[in-house]
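**Q** Right, I'll just put the structure down here and ask away after.
The values are calculated or read from the model by the stated rules, or taken from the named source; none is laboratory data. Here the structure is a predicted model, which is why all the values come from computation and not from measurement. Counting neighbours? That spans all protein chains shown, and the Cβs are built from the backbone with ideal geometry, glycine included.
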Amino acid sequence: MNHHQAPILEAIAQYLELDHAPFYMPGHKRGVGIDPEFMALLGENLFRLDLPELPNLDESITKAEELAADAYGSDCTWFLVNGSTSGIAAMMLAVVGIGDKILMGRNCHKAAIAGLVLCGATPIYLETDYNSEFDLDCGVTPSTLQAVLEANPDVKAVMLVSPNYFGVCGELKELVAIAHSFNIPILIDAAHGGHLRFHPDLPIDALTAGADVVVHSIHKMGSSLTQTAMLHIQGTRVSSDRLDQAVQMLQSTSPNILLLASLDVARRQMVLQGQELLQTTIALSNYGRSQINQISNLHCLDHIPNLDPTRLTVMVNQLGKTGFDVDEIFYQDLGVMAELPTLSQLVFVVSIGNTAADVDRLILAFQNLANQKRKKTLPIPPIPKMPKANLKLTPREAFFSPNCAMSLESASGRICTELISPYPPGIPIICPGEEISLEVIDFLKLIKDAGGVINGCSDRTMATIKVVI
Ligand SMILES: Cc1ncc(COP(=O)(O)O)c(C=O)c1O
């Protein structure tokens, strides 16, 4: 296919000069009715091109999705305007319903738990591998998947995350082969993996590994606008019609054409220039890693098999500070903003939009931090592993159960109805249907007291939590 084309971009460009009286939505009518301050900030063209599905635009979306399918190696691709979040729910709705079992890593994003509430399936959570040196979840291993599939032959689907927030991709090819040896479809949340296909030094991407359905947040590692994602299908284990139905149910009937155009041009960019751009990105990230590793008391995540080298994770706990502390200092004093702080780490997303100057600034910030006169700091206590989930009801049953708020302190032993996660990374600590243990209560308090942002709790102070009555 001719990847120099960008059908949506070309179609909207024609509307820029078209003289017409607009009696369609959106109501601002090509910017005429827009707030002037907003217009001055963002520029006229943005509003002139905020168009609904006018003649030719529909056709251009279909063409752009076909080009994307060709670029990513799928049989069919959907452009999404509500992120991987909607793609994850759609793929779950396409394969499982009430009473069906789905195998999932408990390291999944909260969107997958929301997907369980929507589809009503029963999750069987797979143990994930934990690397204590890096306080790192390394995902589901092939031997775990094999054993759990042998013990649960009635499972309808497997869903895994690869790469995770730290760039750990796991043994994807082996995992896919195992699921397929049981003739079970495997769905991959590859929200962080939309770039992998376009450089040979990056870990294998989920579609090349053979996964049946894959979702990519192109806005995370590509250059499309925030909220945009692509959902891909290949093979016949999952019905393409059913997936399409699920996408139609979850997607807005008025997807923003500018968001869709940004996916179209991000595909063109990756196909035509991806390897060259990613070569620079990988080199920048490797340079940052090697320099930061030379600073005393700091070390970067490295030597993990199948690690995306563009993701830069720095262990800061040896400084006697949490990742939350360092994040605050970087933001307030050193002009560097990280993607994700945790108790022990800071994660930096290095992508095609970063420059050598950005990475130099990052290295300098760490050097300044390491040179700061250290106040007497208490050593960071060992970081507890995330508590194990104890599922009592399906997430859907719990979500729809009568519930009441009770004090967090006294909620031990009760069944939670909320989906509570530190954000980012959005991996839930407790989900609807799980028993609230003392470990969960302590873990939530630990993250909150360390300055982490926790979302999903209806009581923002987290003094109370909602439980099944
Ligand atoms: C692993 C994972 N899956 C899914 C999502 C949701 O992606 P989106 O923000 O595109 O909806 C995220 C967001 O951070 C994520 O980290």
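**Q** Could you please find all residues in segment 262-281 being farther than 30 Å from ALA13 by Cα and either surrounded by fewer than 18 Cβ atoms within 10 Å (Cβ to Cβ) or small (Gly, Ala, Ser) (or both)?
**A** Listed by number, the residues that qualify are GLN279, THR280.
**Q** Follow-up question, since we're still on this one. Select from segment 444-465 the residues that are hydroxyl-bearing (Ser, Thr, Tyr) and free of Cβ contacts under 8 Å to residues at least 12 places away in the same chain and list them in ascending order.
**A** Residue satisfying the conditions is THR461 alone.
**Q** Which of the residues that make up segment 45-73 are surrounded by fewer than 17 Cβ atoms within 10 Å (Cβ to Cβ) and closer than 24 Å to GLY194 by Cα?
**A** Within segment 45-73, THR62, GLU66, ASP70, GLY73 meet the criteria.
**Q** What pairs come up if the first residue lies in segment 227-241 and is among the hydrophobic types (A, V, I, L, M, F, W, C), the second is assigned to a loop (DSSP other than H, G, I, E, B) and within 16 Å of the ligand (Cβ to nearest atom), and their beta carbons are under 6 Å apart, counting only those six or more places apart or on different chains?
**A** If the second residue must be assigned to a loop (DSSP other than H, G, I, E, B) and within 16 Å of the ligand (Cβ to nearest atom), the pairs left are ALA229/SER217.
**Q** What number of residues in segment 26-79 are among the charged types (D, E, K, R), under 15 Å from HIS232 (Cβ atoms) and assigned to a helix (DSSP H, G or I)?
**A** Summing the residues that are among the charged types (D, E, K, R), under 15 Å from HIS232 (Cβ atoms) and assigned to a helix (DSSP H, G or I) in segment 26-79 gives 3.
**Q** Can you go through ARG289, ARG361 and tell me which one is buried (at least 19 other Cβ atoms within 10 Å of the Cβ), of a type in the set (Lys, Arg) and in a helix (DSSP H, G or I)?
**A** Every option except ARG289 fails the conditions.
**Q** If you don't mind, another one. Quick check, is VAL440 closer than 24 Å to GLY99 by Cα, among the β-branched types (Val, Ile, Thr) and touching a residue at least 12 places away in the same chain (Cβ under 8 Å)?
**A** No: the conditions fail for VAL440.
**Q** Taking helices (runs of 4 or more DSSP H) that fall entirely within segment 164-268, which contain at least 1 residues that are under 18 Å from the mean Cα position of the chain (by Cα) and away from the ligand (no atom under 11 Å from the Cβ)?
**A** 172-181, 240-250
**Q** Now a separate question. Could you pull out the residue among LEU172, LEU207, LEU196, LEU202 that is in contact (Cβ under 8 Å) with a residue 60 or more places away in the chain and more than 29 Å from VAL314 (Cα to Cα)?
**A** The unique qualifying residue is LEU207.
**Q** Additional query: Taking segment 428-469 on its own, how many of its residues are surrounded by 15 or more Cβ atoms within 10 Å (Cβ to Cβ), modelled with pLDDT of 90 or more and of a type in the set (Gly, Ala, Ser)?
**A** 3
**Q** Still on this structure: Out of all the residues in segment 80-116, which are part of a loop (DSSP other than H, G, I, E, B) and either within 16 Å of the ligand (Cβ to nearest atom) or in contact with an Asp or Glu (Cβ under 8 Å, 6 or more places away or on another chain) (or both)?
**A** Listed by number, the residues that qualify are VAL81, ASN82, ARG106, ASN107, CYS108, HIS109.
**Q** Being in a loop (DSSP other than H, G, I, E, B), at pLDDT below 95 and within 26 Å of the chain's Cα centre (by Cα) is true for just one of ASP325, ASP302. Which residue is that?
**A** The unique qualifying residue is ASP302.
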